[in-house]
């Protein structure tokens, strides 16, 4: 990931509805959710939701797949990972003790059943 990609992703996440959408799709996992289901969950009008979904897709944070007559969206975990790596790649000047709490927090989150 380069700086322009990171700026695009961060810009897409800097709007409330898009951030809520992104977090909802992270929780939904690889199966994702239909566009209408996302709009209903967030109480957003479908045409407005479509605009937000397009911005997140362009930023590489979510992906879309046609499922019959609807479109399912899911988190683009490779894009998310690349953004996090970009943000943290120079972290702590090699002092792993400084970043350890971040990784410990993530480990606790992923180990919850």
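Laboratory data are not the source of any read-out in this text; all were calculated from the coordinates shown. Here the structure is a predicted model, which is why all the values come from computation and not from measurement. Positions of Cβ are generated from backbone atoms using ideal geometry, with glycine treated the same way; all protein chains shown enter the neighbour counts.
What the table shows:
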| read-out | value |
| --- | --- |
| Between the stretch 1-55 and the stretch 62-84, the Cα center-to-center distance that results, in Å | 10 Å |
| Rough spin-label spacing in nm, given labels placed 7 Å along Cα→Cβ, for residue 81 and residue 46 | 3.5 nm |
| Packing-based order for 65-78, 15-28, using average beta carbon neighbours within 10 Å, highest first | 15-28, 65-78 |
